[in-house]
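Before any comments, here is the structure.
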Amino acid sequence: MDLIHPVEILVQILKADLDELTDARTYIVKPEYDSKNPSAVQVIYKVSGSKFAKDAVATIKLGKGFDMASDKKIMRLYFEDGTFIEFEYLNTEEELATGKRGSWKLFKSEEGGAKLLESKEVQGLLSYETLINEVVKILQGGEMPLTLDEIKRMYESEWQFQEISKDLKPITDKEEIKKLTEGI
């Protein structure tokens, strides 16, 4: 699972401290693909930091093999006033084929749903161009983009999940799997 990518965004960009893993679930989305190893996970962390409310949590849902029209990589940040922002990331193949980078949308929660307030297409480098630029900078003697402390903070949460998940029985119930994707 690529749990480290959303964790990196939380820790590196949003400066979150992932204080405690409070829930972890694993799922077998397509048994014909693999009947033993999970192909989806959901984790919930208590988070803290200067940008987060006192009782903030981060819920991360990841998976492969869902019957959806397209792959979705979405991050939602909910604010105390009822607004939320949604970042949609594209997979690399789609970035390369379309030249698009994804989008962000700002919503206001309202009775019966959410109202779109504003949206924009993201501009800038392809995700791999950013990675290549960082590697070249390091090779030329430049500064590392992450400190060892930041790397440790990111991987501690990943290790917490690995420790817990090894003893979990993956969920195979189709209704439970459907709940995992609700709201996406």
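The values are calculated or read from the model by the stated rules, or taken from the named source; none is laboratory data. The structure presented is a predicted model; accordingly, all values stated were derived computationally and were not measured. All Cβ positions, even for glycine, are placed from backbone atoms using ideal geometry, and neighbour counts span all protein chains on display. Keep in mind that these areas ignore ligands, DNA and RNA; they rest on the heavy atoms of the full protein, side chains included. Shrake-Rupley method; radii C 1.70, N 1.55, O 1.52, S 1.80 Å.
The table that follows gives values for the structure above.
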| quantity | calculated |
| --- | --- |
| For TYR27: the one exception among (1) in contact with a Gly (Cβ under 8 Å, 6 or more places away or on another chain); (2) open to solvent by 10 Å² or more (accessible area, probe 1.4 Å) | (2) |
| The stretch 18-51 - residue that is outside any strand (DSSP E or B) and of a type in the set (Val, Ile, Thr) and, of those, nearest to GLU182 (Cα to Cα) | VAL29 |
| Filter pass, SER48 being polar (S, T, N, Q) and loosely packed, with under 11 Cβ neighbours inside 10 Å | no |
| Given (1) surrounded by 14 or more Cβ atoms within 10 Å (Cβ to Cβ); (2) free of Cβ contacts under 8 Å to residues at least 24 places away in the same chain; (3) part of a strand (DSSP E or B); (4) not β-branched (Val, Ile, Thr), number of the condition HIS5 does not satisfy | (3) |
| Checklist (1) in contact with a Ser or Thr (Cβ under 8 Å, 6 or more places away or on another chain); (2) assigned to a loop (DSSP other than H, G, I, E, B); (3) open to solvent by 50 Å² or more (accessible area, probe 1.4 Å) applied to GLY65, failing item | (3) |
| Total residues in the stretch 52-62, condition buried (at least 16 other Cβ atoms within 10 Å of the Cβ) and either hydroxyl-bearing (Ser, Thr, Tyr) or in a loop (DSSP other than H, G, I, E, B) (or both) | 2 |
| Residue that is nearest to the chain's Cα centre (by Cα), among those in the stretch 80-115 that are under 23 Å from LYS51 (Cα atoms) and surrounded by fewer than 11 Cβ atoms within 10 Å (Cβ to Cβ) | GLU80 |
| Residue match in the stretch 167-179 (condition: exposed (fewer than 14 other Cβ atoms within 10 Å of the Cβ) and within 22 Å of ILE13 (Cα to Cα)) | no |
| Residue among MET154, MET144 that is modelled with pLDDT under 90, under 22 Å from ALA58 (Cα atoms) and not charged (D, E, K, R) | MET154 |
| Conditions (1) open to solvent by less than 100 Å² (accessible area, probe 1.4 Å); (2) closer than 26 Å to TYR89 by Cα; (3) more than 18 Å from the chain's Cα centre (by Cα): number failed by LYS137 | (1) |
| Check on ASN37, at pLDDT below 90 and under 17 Å from the mean Cα position of the chain (by Cα) | no |
